[in-house]
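The values are calculated or read from the model by the stated rules, or taken from the named source; none is laboratory data. It should be emphasised that the depicted structure is a prediction, and the values quoted were computed from it without experimental measurement. For neighbour counting, all protein chains shown are included, and Cβ atoms are generated from backbone atoms with ideal geometry for every residue, glycine included. Just so you know, the surface numbers come from the protein's heavy atoms only, side chains and all, with ligands and any DNA or RNA stripped out. Shrake-Rupley method; radii C 1.70, N 1.55, O 1.52, S 1.80 Å.
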Amino acid sequence: MVSRTPEETFRRMIDLMLAKDMNAVADLWAPDGIAEFPFAAGNSPHVLRGRAEVRAYLAHYPELMDTREVAALTVRPTDRTDTVVVEWTATGRTVATAQPYRLDYIVVLTVRDGLITLFRDYWSPLSTAAAAGTLAGLLDSVEGKDA
């Protein structure tokens, strides 16, 4: 097994996302790894448990968002060698609308034996829905209306 640092694992994940290889991105998760989305809203999941759920979640991502570049990336170490905080910005085009987007993220990443055990992703549901052209549906789901 390849043992990567948290930063190396994150950078590998970004390279794979840009290559649209979502199966390989999911393979970076430990079998019992967790993905958390504390700011998720509407019908978006708040927690994914295990590699299989992560794989299912990522399967259609390239059909929604065409991420083309990481415009900014800053990795901040923590007092734990297995954990980093990453601030990053993705740019690309929304597949449904062909409109450009720029989205900012903060991720707290914990890695064991080169695999992701915790990926806590702080992103803006409003900005993402606006970029994807699904803002009305998000607002309806938050208000309890049928989307």
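Among the conditions (1) modelled with pLDDT of 95 or more; (2) assigned to a loop (DSSP other than H, G, I, E, B); (3) surrounded by 15 or more Cβ atoms within 10 Å (Cβ to Cβ), the only one that Ala30 does not satisfy is (2). Here Ala131 meets each of (1) modelled with pLDDT of 85 or more; (2) in contact with a strand residue (DSSP E or B) (Cβ under 6 Å, 6 or more places away or on another chain) with one exception, condition (1).
Of the residues making up segment 62-71, those that are touching a residue at least 40 places away in the same chain (Cβ under 8 Å) and either of a type outside the set (D, E, K, R) or closer than 19 Å to Ser44 by Cβ (or both) are Pro62, Leu64, Met65, Thr67, Val70. If Thr74 passes every condition in (1) open to solvent by 50 Å² or more (accessible area, probe 1.4 Å); (2) touching a residue at least 40 places away in the same chain (Cβ under 8 Å); (3) among the hydroxyl-bearing types (Ser, Thr, Tyr) but one, which one does it miss? With respect to (1) open to solvent by 50 Å² or more (accessible area, probe 1.4 Å); (2) touching a residue at least 40 places away in the same chain (Cβ under 8 Å); (3) among the hydroxyl-bearing types (Ser, Thr, Tyr), Thr74 is out only on (2).
Checking each residue of segment 22-32 against the condition of being touching a residue at least 40 places away in the same chain (Cβ under 8 Å) and of a type in the set (Gly, Ala, Ser) gives at least one match.
Scanning segment 33-61 for residues that are among the hydrophobic types (A, V, I, L, M, F, W, C), outside any helix (DSSP H, G or I) and open to solvent by 60 Å² or more (accessible area, probe 1.4 Å) turns up just one, Phe39.
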